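Values quoted throughout were computed directly from the atomic coordinates according to the rules given, and no laboratory measurement underlies them. What you are looking at is a predicted structure, and each value in this text was computed from that prediction instead of being measured. Because the Cβ atoms are built from the backbone with ideal geometry, glycine has one as well, and the counts that use them run over all protein chains shown.
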Amino acid sequence: DAKTTQPPSMDCAEGRAANLPCNHSTISGNEYVYWYRQIHSQGPQYIIHGLKNNETNEMASLIITEDRKSSTLILPHATLRDTAVYYCIVRGNTGTASKLTFGTGTRLQVTL
Amino acid sequence: GAGVSQTPSNKVTEKGKYVELRCDPISGHTALYWYRQSLGQGPEFLIYFQGTGAADDSGLPNDRFFAVRPEGSVSTLKIQRTERGDSAVYLCASSSFLGGYSGANVLTFGAGSRLTVL
């Protein structure tokens, strides 16, 4: 699976959009981009995933560049409860369940 | 059940003791995963099951670690002769991925079992 690079930490004011970048320059054609987050003392929580088109759900939007070498997770109106570590993961669709490989993620701090 | 349940939530043991950690996946989920997370690090893959069989155990650090899922539902992670370095949060996840190339594989995680080896 392709390696991802994320900034170690970011700050965002409550009510503003949080834009979390992820580089995955070695991504291959059948690999999906997944985002999970982990709030303190909880297990990781799925947010969103995409292959090549932009995606939106009730939690966030995922913008994937045309060359698929990078993506951005957007939380449109961040709240204090969005303070967490955000993981960007690239995983191939191998036809089996297989594993997700986590890096160290981006620690997002939402402030008043 | 409604989510992935892990017990115990906290376990303190002494070096050299045997420990079992239990995971109850979401009902109907065929795939089950174990991860380990040390402070300040992302979750580290240990093993995953598809049904009753271990499909990938490449993350188990050594032969002191073993996991079973005898009926394809509940799983137990077993650690023999615990060492202080085994102290971590052990996370379990499950997914309903049924195979094929059509879609993604979304894992649902439990809250974890915090193991402390003194």
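Checking every residue in region B:80-94 against the condition of being surrounded by fewer than 19 Cβ atoms within 10 Å (Cβ to Cβ) and not in a loop (DSSP other than H, G, I, E, B) gives at least one match.
Look at region A:38-61: where a residue is without any contact (Cβ under 8 Å) to a residue 60 or more places away in the chain and a partner is of a type in the set (D, E) and surrounded by 15 or more Cβ atoms within 10 Å (Cβ to Cβ), sitting 6+ places away or on another chain with Cβ atoms under 9 Å, you get A:I39/A:D82; A:I48/A:E55; A:H49/A:E55; A:L51/A:E31; A:S61/A:E55.
Yes or no, residue by residue, for (1) over 27 Å from B:A111 (Cα atoms); (2) surrounded by 13 or more Cβ atoms within 10 Å (Cβ to Cβ); (3) within 14 Å of chain B (Cβ to nearest Cβ):
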residue	(1), (2), (3)
A:C12	no, yes, no
A:L20	no, yes, no
A:N23	yes, yes, no
A:Y34	no, yes, yes
A:R37	no, yes, yes
A:N53	yes, no, yes
A:E66	yes, no, no
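Matching residues to (1) within 27 Å of B:S38 (Cα to Cα); (2) part of a loop (DSSP other than H, G, I, E, B):
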{"site": "A:D11", "(1), (2)": "yes, no"}
{"site": "A:C22", "(1), (2)": "yes, no"}
{"site": "A:S25", "(1), (2)": "no, yes"}
{"site": "A:Y32", "(1), (2)": "yes, no"}
{"site": "A:Y36", "(1), (2)": "yes, no"}
{"site": "A:H40", "(1), (2)": "yes, yes"}
{"site": "A:G43", "(1), (2)": "yes, yes"}
{"site": "A:I63", "(1), (2)": "no, no"}
{"site": "A:E66", "(1), (2)": "no, yes"}
